[in-house]
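Each value in this text was obtained by applying a stated rule to the coordinates, not by laboratory testing. In this text, all values refer to a predicted model and were calculated from it rather than measured experimentally. All Cβ positions, glycine included, derive from the backbone under ideal geometry; neighbour counts span all protein chains shown.
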């Protein structure tokens, strides 16, 4: 029984301590706080007190709660009879909210008997308890409790819970939210002026009150991002976003718009959302219009000047007469605006109940009624105002453009147009277009017979007027003159009279009043000082049909390295021009044919079609080379070392084509005897003819008018035919002799074949036996010139006289492409001498080309030249016949030098057919003995299709100072390349002796 009573006393004592912040238990006399006396078996007095304070020693309360930034300091004090108990373990815990730090919840008393821990706010807002517990060594437990207030802001954001609400407010005072970051806004307060509502007028601007609340703490969430949308009207700001203030409140504006009805406002923040429904009512509006025009002294409106502008101001008011401040679209329209004679700001959004639009007259000349319309909430509100506009005098004509800057001579080859529309614009003094006014036109001259389809026309509503120029027959620029003729001035004339700006027409009608261009009455001249006129530009007439002397064909090079290689390509360009040497139009086609190799288009075009009056096509080496077979005997000599092949012997004469050079094949001095020039000549090999043709006309020369014949420039007239310009059918001239030599060949495979009688055999042919022609009339026969001019410029008189036709022929141009070889053949030659000399001097280069002390020579195939294989520049001393050893006064030398002091050398070079070496071949000449100099030489083979042998001239002379070498060589070196990436170098030399 005493023990039970004792425990009850302990429990009661602890309860008292919790309420008072401290407590004691006394066992010495059996009394508790003097209220009761007991007889304890053990006398003992232990006290445990507990306090909770902030860092400033203040108690926690509703206004000073425990928070993240304001943590509590919990101190438990343990005493025994007033003496601190040191190093005793105190346990701490919380109830309802708050957390003990450290999380273990224990602390040891210090020398003052104090144990201290930290109190954080925990996860829940409200009042909590801290419990401190002490257990002694006898198993007795002592506990104390103390209360505190927490805002619970330690809650994890992952566990936090929020709520969002939204209200629509109307009628709020303008300054009701000025102190919102210091005092929480209360829209229900009478001082705010706000009314929480679910309806709003279209004339109002409402407030959206959004609250974001932390469910754990019940406080508003500061700086939370709020998103607001509406399906009726619009939210301001237009982004629909705002941040909450310190109390979790965000404010936005609702602009209801002009459309009535019901809508929904949706709000979201921190993954929570809310919405409210609302309705918009429509306000009736009145429109007040001020057109900005002034009044004169009599109260009459002063008209707007032509080209002038005014500001139309519209004021919007609601049914109570207040400004309708909701931004509203205001529409403006008028008759002149619809016809582009005026401009206006067609749609303007009002601001503060006022909308302003600028009206500008750009040709309007009426009292223009401007209609104003406001549509809001399904209702239309209208008003109007009248703008009277003055008429401005015509000031200038402006050239606008031409539809085709280039028109062609008839018939418009390549699809080029033969007419062009020329446009002008008539402007008044304010630069405004002037409609329904008369403009007269005229060409500046009548050269070439160009015409106008309209000599007079009226401007349209845009002040634009036009006429059409049709092409004539002579190229050049075409200029159209335009002049304004006042209808009022014409109306003031007597009936039947008219006005003109053109002096020559007035004079014509005065002399020939019945002329088709003249009026029934008198044609008067508009005074020059009053004329308003302009001229056109940018129009040119050219591009007639291609004619023969303007048509051309050229390759990038005439002598490609193609004799021994397939796949070598050469770009070809075909050039076009008309009879006046003007560019042809684009889109004209040419046909290109080749004797050997193939022709193909460039850039994947199907045909050679003009662009900038030219077209490009490609020739490629392949197939048989022209007259390549040995039977034609057209090489320069025996190039293969086999005398049985006879490739260098003329099959008609059995003579070698070029005199051998010391037993070796070498180019002729001059050229091979060609069959094109001589029936006994050989057909040149490795040369391919390329022919380009296009539809066109023959040439002619304009002549002057005579007493018998009237002629006009640009047309073929009677008496202008020249046989030189009369063309036969085009053909590919294989042998370059300008003659169609097609022959009927015998079958060389027949047993009775006779080469001597076959016109196509090597013994008879001149190379043209397989020539092809362009059979335009498809009669199977080659047709010669017809004795007439053929072309579209055939005049009617010449046509009736039978001197021309309007048929087109084929203009043509041919080139000869040399398929050059890269095996060079060389001949060194010097001029022989026929002059007589006296002993002891010798003929250094004898007339018979025999060897001499000057070198080794032989006869060549040219009478004035000797081939040379070596030269000796050494001194040759001979007794002087004029020397007298017995004469004491002798001044003549005892010996004379009769040797070769110097000589000019010509070096000939070609390929095996005597053709030029390939274009671009580098040629160099050098000597390592004697004094060497170049007289004439090209370091690179040019683009050429010549049929004569190329050569260089050099000079070699005895050395003046001498060197260690007494013999050396004169060398010519050729460096070849081809398009396939190959290269080779070949050198040829002769010996040079010099004893110095």
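Using the Cα gyration tensor of segment 825-993, with a ≥ b ≥ c the square roots of its eigenvalues, what is the shape: rounded (a/c below 1.5), prolate (a/b larger than b/c) or oblate (neither)? Let's see the in-between values first.
Working: a/c = 3.53, a/b = 2.22, b/c = 1.59.
The shape class here is prolate.
Over what distance in Å are the Cα centres of segment 578-627 and segment 750-795 separated?
Here the answer is 23 Å between Cα centres.
Which order do 729, 751 fall in if you start with the one that has the fewest other Cβ atoms within 10 Å?
With the sparsest Cβ surroundings first, the list reads 751, 729.
Pop the C-beta distance of residue 931 and residue 985 into the FRET formula with R0 = 22 Å and round what comes out to the nearest 0.05.
0.30
Among (1) 113, 64, 27; (2) 66, 39, 31; (3) 72, 37, 29, which is the computed semi-axes √(5λ) of the Cα gyration tensor in Å?
Given (1) 113, 64, 27; (2) 66, 39, 31; (3) 72, 37, 29, the structure-derived one carries the label (1).
Relative contact order, percent, of the chain when contacts are C-alpha pairs under 8 Å separated by at least 6 residues?
Computed over the chain, the figure is 5 percent.
Under a crude label model (7 Å from the Cα following the beta-carbon direction), how far is residue 384 from residue 504 in nanometres?
Reported label-point gap for residue 384 and residue 504 is 5.4 nm.
Output the peptides 935-943, 465-473, 313-321 sorted from most to least packed, where packing is the average of other Cβ atoms within 10 Å over each peptide's residues.
Numbers: 935-943: 13.3, 465-473: 21.8, 313-321: 15.6.
Highest-to-lowest ranking by the protection proxy: 465-473, 313-321, 935-943.
At 1.567 mPa s and 4 °C, plugging the Kirkwood radius over alpha-carbon pairs of segment 286-388 into Stokes-Einstein gives what diffusion coefficient in µm²/s?
For these conditions, the coefficient is 92 µm²/s.
For the residues 551, 883, what sequence is obtained by ranking on other C-beta atoms within 10 Å, fewest first? Don't skip to the end; give the middle numbers.
Numbers: 551 22, 883 14.
Arranged by neighbour count, lowest to highest, 551, 883 become 883, 551.
Could you give the distance between the Cα centres of segment 552-571 and segment 844-868, to the whole Å?
For segment 552-571 versus segment 844-868, the Cα centre distance is 39 Å.
Quickly work out the residue 939-to-residue 622 label distance, labels modelled 7 Å from Cα along the C-beta direction, and quote it in nm with one decimal.
It works out to 3.8 nm between the two label points.
How would segment 503-635 be classified by its alpha-carbon gyration tensor: rounded, prolate or oblate, with rounded meaning a/c under 1.5 and the a/b versus b/c comparison settling the rest?
prolate
How do 234, 175 line up, fewest other C-beta atoms within 10 Å first?
Details: 234 15, 175 9.
Sorted ascending by nearby Cβ count, the order is 175, 234.
Report the label-to-label distance for residue 319 and residue 195 in nanometres (one decimal), using points 7 Å from each Cα along the Cα→Cβ vector.
1.4 nm
Tell me, what is the percent relative contact order of segment 403-542, built from C-alpha pairs under 8 Å that lie six or more residues apart?
Working: 294 pairs, mean separation 37.5, N = 140.
Relative contact order of segment 403-542: 27 percent.
For the chain, give the share of DSSP beta bridges that are antiparallel, in percent and rounded to the nearest 5; count only bridges with both residues there.
90 percent
Arranged from highest to lowest average of other beta-carbon atoms within 10 Å per residue, in what order do the peptides 565-578, 512-525, 637-650 appear?
Packing proxy ranking, top to bottom: 565-578, 637-650, 512-525.
With axes computed from alpha carbons, what is the tilt in degrees of helix 2-20 against the longest principal axis of the chain, rounded to the nearest 10 within 0 to 90?
Long axis of 2-20 versus the principal axis of the chain: about 60 degrees.
Could you sort 787-800, 295-308 so that the peptide with the highest average Cβ count within 10 Å comes first and the rest follow in order?
The densest-packed peptide leads the list: 787-800, 295-308.
When the Cα centres of segment 660-683 and segment 931-996 are compared, how far apart do they sit, in Å?
23 Å
By the gyration tensor of its Cα atoms, with a ≥ b ≥ c the square roots of the eigenvalues, what is the shape of segment 53-97: rounded for a/c under 1.5, prolate for a/b over b/c, or oblate?
Verdict is prolate for segment 53-97.
Can you give the FRET efficiency for residue 356 and residue 165, using 1/(1 + (r/R0)^6), R0 = 35 Å, r = Cβ-Cβ distance, to the nearest 0.05?
The computed FRET efficiency comes out at 0.25.
Suppose R0 equals 30 Å. What FRET efficiency, 1/(1 + (r/R0)^6) with r the Cβ-Cβ distance, do residue 275 and residue 347 give to the nearest 0.05?
About 0.40, to the nearest 0.05.
Counting only C-alpha contacts under 8 Å and six or more residues apart, can you give the relative contact order of segment 239-315 as a whole percent?
So the answer I get is 20 percent.
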